[in-house]
Structures are given as C-alpha cells and as structure tokens.
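The next block holds one structure in the form of structure tokens; read it before the comments.
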Amino acid sequence: MVPIKVACAQFAPQKANLSANLDRIAETVIQAAEEGVQVVVFPETSTSGYFLEGGVLEASLSGEALRDAIGERVAGKISNEVDAVVGFYENRNGDLYNSAAYLTFGAEKSNLVHVYRKFFLATYGVFDEERFVTRGHDVAVFDTRFGRVGILICEDVWHGVLPTLCAVRGAQVLFVPAASPARGFGGPDIGNHDRYRRLFLAISEEHGIFCVNAQLTGFEGGKGFIGGSMVTDPLGSVVAEGPLGEEYLLVADLDMDLVGIARAQTPLINDLQSCWQDVRNLISTTEF
C-alpha cells in the first residue's frame, strides 16, 4: 500500500481576523500541494484563534462558506488534489460549534466531505467553551479516498471512549486538531504536551491506528499555545513531532500497512468488536 503523506500545520492565527487567517490557510494548502502532501491538518479554531468568548458569532462561518473561501483562494494554484482538515468556529443555522471540516481541493473544484462538532467542551480553569458554543452529538468516522478516517478535537481525546468508538467504527487514521495553552511546568517537559504524547501513543497502540495532531501556537491574551504537533503510528511510536512554541509545517508519511500488522500482532480492536454487544449492555446498565 502506498504511504499517505500528511502535514500538520502548526499555526498562529490572528485573533478574529478571518480574512487574514483564511489567506494563510490557503497559502499553506498550496505549499502542501507543491510538496506532494495529500492531507494537511490545521489546528482547532485555526480560522480565528481560540479565546474569542463573545466574539465567536462574528468569527463563525458555515462549512460551505469555509469551503468556498479557501477554494476561491487556491483555485488555479494547485495541480494535485489535496485534502485539508480545518478547525473553525461553525455557524450552523444559528447554532455555534467548535468544529473541524474535512475538505478536498483540486485544480477546478472543492468539496466539503464532512464536518465534526466537538463533543467534550472544555469548561474549567482558563476554558469556558460551554458558554459560547454548543456541544456536538456525533462521532465523525467517514470514508475518504485514502480509506476510513475519524476526527476528534482537543479534549475529545482526553476521554478514552471517543477514540475507542472511532476505532470500532473502522477509522484507521484519527485526525486531531487542538488548541492547548501551555500548563504544568513542574518537570522537564510542559505538562500538557507530555500528556498529549502519552495519550496519542496509547490510543495508537491500543487501537492499531494513526493519530495525526495539529496544535495551535502563538499567544492570545497572555496564554501561549504549546505547538509540538505530532504523528504516532499503530505500533505505538512517534513518527514525527514539531517544535514547541513556533509555527511549523510537520510532514510525515503514514505507512498504512502498519495498521494490519499492528492489529494482527495485538488484536485488541478485534476483541472489542467481537464483544461489543456485551459492552453496550454494560453501558446501558451503568448508572451515575
């Protein structure tokens, strides 16, 4: 199987400046296409910045408007088709979401394949998402020209149930846009960045799946986003990792044969699928 070339666009958007950020996203899509990248992943809220609070409405747009805005900017400037996962604040019939769109761009047309809406909204510490956006209710696992993939956003991967559901539904690659302010400075590493590394390695190894994570970077209101985007493989290894605290285009090849190899060596996902009805029964009888 031919490897898939992916890129994580570690990105520092201008706060609430949709036009400027869309320009830069389009420039990155064009650059990625020139470098033979097939899928480029942008961070959570890359079109606007994360900490907008009451400004979310003004900086939101529909998935179709996002497709058209980027598509118009790349039209005639790419010869090879390239897919993109773009984090943005979505306005869907007046409801606001923290979303990520899977888009395809070609020489003549663009397409909106899927939109995922963040399930677990961070509302603690410096986070206050539930005040400004609505929680999504679906898991995004869908077919692409590269196979079956899933999308989760930032805190979604901190809850093990959602990556598990994505894997059970057939995802072989999990795209994870994120925006994570640096915190936890008591050791040699930034605490939340170290936690992300451990999370992605565990998710990949347990489920025989690739994780492709693009992190926001830059500063908003005195809060610095970590960067450190990473790609992990189904054998539980880090394929590539970006630098901390700076913009960077991280490129990596996904050897999709590793999915089958990993799942044959450690058939945990097969075991889970075989007893899924019993797991559902356990969930239905569990009370909080």
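A few points about this structure:
- Solution diffusion estimate, µm²/s, Stokes-Einstein, the chain, Kirkwood Rh from C-alpha pairs, 10 °C, viscosity 1.306 mPa s: 84
- Assigned charges on the beta-carbon of Lys, Arg, Asp, Glu; the stretch 133-228 dipole about Cα centre (debye): 60
- Placing unit charges on the Cβ atoms of the charged side chains and taking the dipole of the chain about its Cα centre, the candidate lying farthest along the positive direction among 192, 134, 25 is 134.
- Shape summary of the stretch 144-288, radius of gyration then Dmax from alpha carbon positions: 16.3, 49 Å.
- Under 5 Å, built H, 5+ apart or other chain: amide partners of residue 49: 16
- The stretch 30-99, dipole about Cα centre (Lys/Arg Cβ +1, Asp/Glu Cβ -1), debye to the nearest 20: 80
- Mean Cβ neighbour count within 10 Å, used as a protection proxy, ranking 67-75, 35-43, 214-222 highest first: 35-43, 214-222, 67-75
- Projected onto their three principal axes, the Cα atoms of the stretch 35-188 cover extents of 47, 36, 36 Å, largest first.
- Computed about its Cα centre, the charge dipole of the chain is approximately 200 debye, with only Lys, Arg, Asp and Glu carrying charge at their Cβ.
- Pairs of lysine residues in the chain - Cα separation under 29 Å, sequence separation of 8 or more or cross-chain: 10
- Carbon and sulfur %, accessible surface of the stretch 92-140 computed with the full protein complex present, 1.4 Å: 43
- Cα shape, the stretch 204-288, gyration tensor, a/c 1.5 rule: oblate
- In Å², nearest 10: area of residue 114 left accessible to a 1.4 Å probe: 60
- Normalised by 2.2 N^0.38 Å, with N the number of residues, the alpha-carbon radius of gyration of the stretch 15-100 equals 1.08.
- DSSP beta bridge pairing in the chain, given as percent antiparallel to the nearest 5: 70
- Area projected by the alpha carbon convex hull of the stretch 127-217, averaged over all directions, nm²: 6.9
- The stretch 145-288 - share of DSSP beta bridges that are antiparallel (%, nearest 5): 55
The values are calculated or read from the model by the stated rules, or taken from the named source; none is laboratory data. Fair warning: this is a prediction, and the values are worked out from it, not measured in the lab. Because the Cβ atoms are built from the backbone with ideal geometry, glycine has one as well, and the counts that use them run over all protein chains shown. To get the accessible areas, we keep the full protein, side chains included, count just its heavy atoms, and leave off ligands, DNA and RNA. Shrake-Rupley method; radii C 1.70, N 1.55, O 1.52, S 1.80 Å.
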